1. Counting only heavy atoms of the protein chains, get the accessible area per residue of the stretch 352-466 (1.4 Å probe) and round it to a whole Å² value.
2. Can you list the residues of the stretch 180-215 with backbone N under 20 Å from a point 7 Å past the Cα of Lys574, pointing along Cα to Cβ?
3. Largest first, how would Leu554, Leu32, Leu569 line up by accessible area (1.4 Å probe)?
4. Which of the peptides 583-594, 182-193 is most tightly packed, and how do the rest follow, judged by the mean count of other Cβ atoms within 10 Å per residue?
5. Run the simple label-point estimate for Ile60 and Asn384 please: 7 Å along Cα→C-beta, distance reported in nm.
6. Roughly how many Å² of Ser573 are accessible to a 1.4 Å probe, to the nearest 10?
7. Enter the accessible area of Arg211 (Å², nearest 10), with the probe set to 1.4 Å and all protein chains included.
8. If I model a spin label at Ser324 and Ile293 as a point 7 Å from the Cα along the Cα→Cβ vector, what separation in nanometres do I get?
Amino acid sequence: MLLSSFKETFLQNFLSISTWQSLLAIVLFFGLMGGFWYGLKQIKIKFVYRILIGMSIGLIFGIVIQAIIGFPGGSWFSHDGKSAWALVDGNWLDISEYYIQKPNLQGMDEIKGNYVQIKTIIGIEGYEAVVNGLTKLSLFKDAKGENLAFISAISFSPEIKSGIDWIIEFNTWASMLRQIFINGILLITIPVVFIAIFRVVAKPGSKGLGRISGKAIAILLINVAIAFTITFWIGYVLKIGKGLNFDQQIPGGSGRTDSKALPEIIWGYIPSNFVATLSATAIIPVIVLAALIGYATTFVRKKHPESMDNLMNFMDRAWDIVMSILMTFMKIMPLAVMAMLTTSITTRAIGALASIGLILAVGYLGLIIMLGFMTLILFLSGINVKAWWKNAWKPLIQGFSTQSSNATLPVTIDTLTNEMKIKDKVTSIVAPLSTSLGLVACAGVQAGLITSVLYTGSATVAEMNIFAFFILGLFTTIVASIGIAGVPGTATVVTSAVLNGIGFGTFFAPVYAIFGAIDGLFDMGRTATNVTGGVFAATLVAKDELLFDEGTELISEKKLKTLIENKNLKEESKKTKQADKKANKVEKQKNKVEKQKAEKKTKK
């Protein structure tokens, strides 16, 4: 009894090493990581190769672990090992919070009359034999701890799964460095956004910020529309929802509604609490707050110029500090990437993805096409594509590894500013916007997949005209991309918002069952494409505004000089025309007055 309590309390709950398999896997993993780190210290190689080596090691280690456990299937595999899962009508269902009609068992506590909660009897000796003796169980669920809600009498296989303990313990340890890295990056994300926006807005003589923001938003939303269109029609042509039979899986309601009206989205961007805004993870309210303070600083400067100069100097040094912190965490990024790739594989039931591999393949095809499309647009815009990708790979790799646009933001800003030589005026506005608005993959590609899967997987939905369905889905996605991006649980939120927006919210549960299963693997590619879309938007805006610093490789110095001269000539010509127009107006007004005086004199 004492030994059992020690194992559960200390080894399982505290140390998270209760089996020899988990101990061996953890020792091998960290031994491999230590050897990798030692090798990086001895051999000086480019940062990109360090990242790729870390990804390769993590990928191989994760696949080996999956091979050892036989590539198991079922969503039970990726959840807490203490949950109880049963195969219900061909799908794995978490039944740990459900109640069953009480079998005739002695010594079992009753819960709410004649019902027993599943999680209270897991582990009782003989439970499996008892369940095997039942062909049908009536499941009940009490979501709020109140009255039992009748679901239905469901025929299900009595096979019960509760996770693989040593894999769960290994993932806990393997996730440690991954989480340290992500937490460190997220730690400085809000300071980076706030300081960057403040410095741009508060800088004396800053103009055209509204124009830059407008162009960035337009590019991001157009990207979403294009991504949705491409993915939707590929999914429709390939009939990726064929055989899923969503009509037979509708439980009577979506059970979730995350969509918001456009006015709610807009007023939600205006911060209502100074401290809460800076302590949250939403980016756009921070942008608004920093812009307000920076704008106010420009007025206060007129009365107290010296104090405001001191404030600007403080912000400049604060920027140097957060960038130094960023570089500290970037040093361990190769190790963090190794941990990220390993846990991305070992926490998911790869075997369960075989049946929906086509959906995942179409999703990645949509991402690749969008990356190619953005590259083509840059080429046609006169950007040196080779030089652009030489720098853009860094935020792409970090987005792929961290699966977080916010966690990649400091790297994106550093890449745009210091490597691509795009001016702060563009970088500080467009980069933060691109993490929270119009994400090309999480909104565009994801929504295109969802709608094409639904249309081809439901006879009821397919009764609607395909072009009307497409236009409705496109409009809903563009509007929803303003409010659903930049939040955790993207698969859940996008699925709910889009389905409810097009009027098919009742299909949420069966559709999400598909996308929830592939979310982890798909999210890596989605985030990589999202952050690349932000770099793309910033580059296009900089090209249109000609806001490059000296030494940029994105456009030749000669061409940039010519473009700037042409722009200055156009502005001078515009000013001359405006001056001439104003002079003509004054002259006309003067002639009019003289004419009126002459008429009065004639009358007299």
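The values are calculated or read from the model by the stated rules, or taken from the named source; none is laboratory data. Nothing here was measured: the structure is a model prediction, and the numbers come from that model. Note that each Cβ is placed from the backbone with ideal geometry, even for glycine, and that neighbours are counted across all protein chains shown. The area values use the complete protein model at the heavy-atom level, side chains included, leaving out ligands, DNA and RNA. Shrake-Rupley method; radii C 1.70, N 1.55, O 1.52, S 1.80 Å.
1. Using a 1.4 Å probe on heavy atoms only, each residue of the stretch 352-466 averages 29 Å².
2. 205-215
3. Leu569, Leu32, Leu554
4. In descending order of packing, they fall as 182-193, 583-594.
5. Result for the modelled spin labels: 3.6 nm.
6. Surface open to solvent at Ser573 totals about 50 Å².
7. 130 Å²
8. Rounded to a tenth, the inter-label distance reads 2.1 nm.
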